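Input: a single structure, listed below in structure tokens.
The values are calculated or read from the model by the stated rules, or taken from the named source; none is laboratory data. For clarity, every value in this text was computed on a predicted model and none was experimentally measured. Every residue, glycine among them, receives a Cβ derived from its backbone with ideal geometry; neighbour counts consider all protein chains shown.
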Amino acid sequence: MNLNPVETEEIFELRFKSADNRTKKITIKNPALNILAQDVQTALDIIASTEIFAKAGIDSYAQPVDGRYIERTVRNVYVAPEV
């Protein structure tokens with residue numbers, strides 16, 4: 001039994017600054033791997049302009065920051081036996 005299989009996961013993250021200057025993210029699992037910069041910019045601008053995530057007068061996604069791919073690698077060190 002191999003306890004150390006490596007799993008990788010690709011995600012795409014859209015990042016914003018909120019009206020109170022906090023970093024906010026929207027994460028997309030299993031994204032297409034050919035997303036164009038102009039499409040990301042358009043999506044960021046649309047999300048920021050709608051103000052649909054505003055709470056208590058604070059827009060959570062007020063200012064677009066960037067869009068980026070993130071690759072995450074997971075390798076188990078220990079896995080408890082199934083009961």
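Quick notes on this one:
- Subset of the stretch 1-42 [of a type in the set (A, V, I, L, M), farther than 17 Å from ASP66 by Cβ and part of a strand (DSSP E or B)]: VAL6
- When GLU82 is tested against the conditions (1) acidic (Asp, Glu); (2) under 17 Å from GLU9 (Cα atoms); (3) part of a loop (DSSP other than H, G, I, E, B), the lone failure is (2).
- Subset of the stretch 52-83 that is β-branched (Val, Ile, Thr) and over 18 Å from ILE28 (Cβ atoms) - its residue that is surrounded by the most Cβ atoms within 10 Å (Cβ to Cβ): ILE58
- Residue match in the stretch 11-20 (condition: among the polar types (S, T, N, Q), touching a Ser or Thr at 6+ places or on another chain (Cβ under 7 Å) and surrounded by fewer than 10 Cβ atoms within 10 Å (Cβ to Cβ)): no
- Summed over the stretch 52-79, the residues that are under 17 Å from the mean Cα position of the chain (by Cα), part of a strand (DSSP E or B) and over 27 Å from GLU7 (Cα atoms) give a count of 3.
- SER49 being surrounded by 11 or more Cβ atoms within 10 Å (Cβ to Cβ), of a type in the set (Ser, Thr, Tyr), touching a residue at least 12 places away in the same chain (Cβ under 8 Å) and not in a strand (DSSP E or B): no
- In the stretch 29-46, the residue that is nearest to the chain's Cα centre (by Cα) out of those that are surrounded by fewer than 12 Cβ atoms within 10 Å (Cβ to Cβ) and small (Gly, Ala, Ser) is ALA32.
- Of residues in the stretch 24-67 being touching a Ser or Thr at 6+ places or on another chain (Cβ under 9 Å) and among the small types (Gly, Ala, Ser), the one modelled with the lowest pLDDT: ALA54
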